[in-house]
1. Arg13 - would you say it is modelled with pLDDT of 90 or more and open to solvent by 80 Å² or more (accessible area, probe 1.4 Å)?
2. Report, ordered by the first and then the second residue, all pairs with beta carbons closer than 6 Å, sequence separation of six or more or different chains, a first member in the range 36-59 that is farther than 15 Å from Ala17 by Cβ, and a second member that is open to solvent by 70 Å² or more (accessible area, probe 1.4 Å) and modelled with pLDDT of 90 or more.
3. Looking only at the range 13-25, how many residues end up being in a loop (DSSP other than H, G, I, E, B) and over 10 Å from the mean Cα position of the chain (by Cα)?
4. Which residues, counting only those in the range 20-39, are open to solvent by less than 70 Å² (accessible area, probe 1.4 Å) and in contact with a strand residue (DSSP E or B) (Cβ under 9 Å, 6 or more places away or on another chain)?
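The values are calculated or read from the model by the stated rules, or taken from the named source; none is laboratory data. Worth saying up front: this structure is predicted, and the values here are computed from it rather than measured. Note: ideal-geometry Cβ built from the backbone for every residue, glycine included; neighbour counts use all protein chains shown. Side chains included, ligands, DNA and RNA excluded: accessible areas come from the protein's heavy atoms. Shrake-Rupley method; radii C 1.70, N 1.55, O 1.52, S 1.80 Å.
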Amino acid sequence: MSEDDYCLIDATRPPRAEGPPYAECVLCREPTEYPESYKGITLCPVCEWQEAQRTACSG
């Protein structure tokens, strides 16, 4: 069995921006690595890492 057999969280990410303007993080309002034009939830690298820690599968 692989990790995908246990994790049901959609791990799709928005495309990385090639330069400013960057979208704001939905949690802390810091700039993210994603384009401002992206419609959806964007997280800065710090919040993205923290969210991954909170939602990590335990097995």
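1. For Arg13, the condition - modelled with pLDDT of 90 or more and open to solvent by 80 Å² or more (accessible area, probe 1.4 Å) - is not met.
2. Qualifying pairs under 6 Å: Ile41/Val26; Cys47/Leu27.
3. 7
4. Ala23, Cys25, Thr32, Tyr34, Pro35
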